[in-house]
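Visitor: Structure incoming, see below.
The values are calculated or read from the model by the stated rules, or taken from the named source; none is laboratory data. As the structure is a prediction and not an experimental result, all values here were calculated from the model. Cβ coordinates were reconstructed from backbone atoms using ideal geometry, including for glycine residues, and neighbour counts include every protein chain displayed. Keep in mind that these areas ignore ligands, DNA and RNA; they rest on the heavy atoms of the full protein, side chains included. Shrake-Rupley method; radii C 1.70, N 1.55, O 1.52, S 1.80 Å.
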Amino acid sequence: MKLYYCPWACSLAAHIVLHEVGAPFANESVDIRTKITASGADFNSVTRKGYVPALRLDDGEIVTENIAVLDYLADVYPQFGLDGPLGRTRLVEALAYISTELHKSFKPFWHNGTDEQKAAASAYITARMRYLGDTIKGDYLFGDQPTVADFYLFVNTRWAERFGVEIPPAIAAIHQRLNARPAVQATLRAEGLA
Ligand SMILES: N[C@@H](CCC(=O)N[C@@H](CS)C(=O)NCC(=O)O)C(=O)O
């Protein structure tokens, strides 16, 4: 498996999962502005979408989109998935919420939004995080072990910290727990972020 990632980007979630499971994998960073990878390759030839994450499977298939990449990883590494009759559905539900309600709402912060747009986004993100905080079922979103959804949430709490977006206490507690995990710290070091 090979993960194409960019420091500070949402690809951090998949990168953490790969470190957590301890399986051998390759990685390569991408300059998402120029679309050139660390080895000088044209990232657009890996995926015409030109954005990370992109996961190259051992048979050469490329998987993109956080929801699909993280769902795939939860399938291969079920310790970060969710058991039970509705487990997969609940996990995809959480991934979709994090992708569409949180991740995408940071746009004004990453793309030179106006102060007004940033203030509106900030309030929206905090409210959406509050909902998640009200529904957590243990130390992490779904209980006492993190799932791929927690690692995706972590990307968003890091962004919230960076941009001064208020994080509700229950979500801040998950952030602290995740941040303390050795594999999370190893991933941050690997991306040059710690
Ligand atoms: N729809 C994609 C969006 C991924 C995405 O927003 N990636 C950002 C980094 S967080 C990126 O690579 N942006 C570069 C670009 O869009 O050109 C997903 O959900 O995975």
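Visitor: Note down the relative contact order for the chain as a percent, whole number, built from C-alpha pairs under 8 angstrom at least six residues apart.
Guide: 23
Visitor: Then there is this: Which is farthest toward the positive dipole end of the chain among N112, A68, A160, measuring Cα position about the Cα centre, with Cβ charges +1 (Lys, Arg) and -1 (Asp, Glu)?
Guide: Of the listed residues, the answer is N112.
Visitor: A follow-up question, please. State, as an integer percentage, the relative contact order of region 82-181 based on alpha-carbon contacts under 8 Å between residues 6 or more apart.
Guide: 27
Visitor: Would you list, by chain and number, the lysines whose Cα falls below 29 Å from the Cα of K118, excluding same-chain residues fewer than 8 positions away?
Guide: Output for K118: K35, K49, K104, K107.
Visitor: Another one. Calculate the dipole size of region 82-181 relative to its Cα centre from +1 charges on Lys and Arg beta carbons and -1 charges on Asp and Glu beta carbons; express the result in debye to the nearest 20.
Guide: 180
Visitor: Turning to a different aspect of this structure: Note the full-extension length gain between Q176 and A26 as 0.36 nm times their separation in residues minus their Cα-Cα distance, in nm to one decimal.
Guide: Gain on stretching Q176 to A26: 51.3 nm.
Visitor: Sort 12-18, 83-89, 63-69 for me by packing, meaning the mean count of neighbouring Cβ atoms within 10 Å per residue, highest on top.
Guide: 12-18, 63-69, 83-89
Visitor: Please name whichever of A173, L141, L82 sits farthest to the positive end of the charge dipole of region 82-181, dipole taken about the Cα centre and charges placed at Cβ: Lys and Arg +1, Asp and Glu -1.
Guide: L82
Visitor: Any idea what the relative contact order of region 7-105 is, in percent, if you count C-alpha pairs under 8 Å spaced at least 6 apart?
Guide: 19
Visitor: Stretched out fully, how many nm does the piece from K35 to R88 gain, at 0.36 nm a residue minus the Cα gap?
Guide: Full-extension gain reported as 15.8 nm.
Visitor: Could you check how much of the accessible area of the chain is carbon and sulfur, as a whole percent, using a 1.4 Å probe?
Guide: In the chain, the share of accessible area belonging to carbon and sulfur is 50 percent.
Visitor: Once you put a point 7 Å from the Cα of A123 and another 7 Å from the Cα of K137, both along the Cβ direction, what distance in nm separates them?
Guide: Output for this residue pair reads 3.3 nm.
Visitor: Now a separate question. May I ask you to evaluate 6.51 cos²θ - 1.76 cosθ + 1.60, the Karplus curve with θ = phi - 60°, for each residue of region 27-36 and list the ³J(HN,Hα) values in order in whole Hz, giving x for glycine and proline?
Guide: For region 27-36, the Karplus-derived couplings read 8, 8, 7, 10, 7, 6, 7, 8, 6, 10 Hz, x marking Gly and Pro.
Visitor: Turning to a different aspect of this structure: Using a 1.4 Å probe, what is the accessible area per residue for the chain, in Å²?
Guide: 48
Visitor: Report the full-extension gain for the segment Q79 to T100: residue separation times 0.36 nm, less the Cα-Cα distance, to one decimal in nm.
Guide: Net length gain for the segment: 5.1 nm.
Visitor: Restricting to the chain, what percent of DSSP beta bridges are antiparallel, rounded to 5?
Guide: Here the share of antiparallel DSSP bridges comes out near 70 percent.
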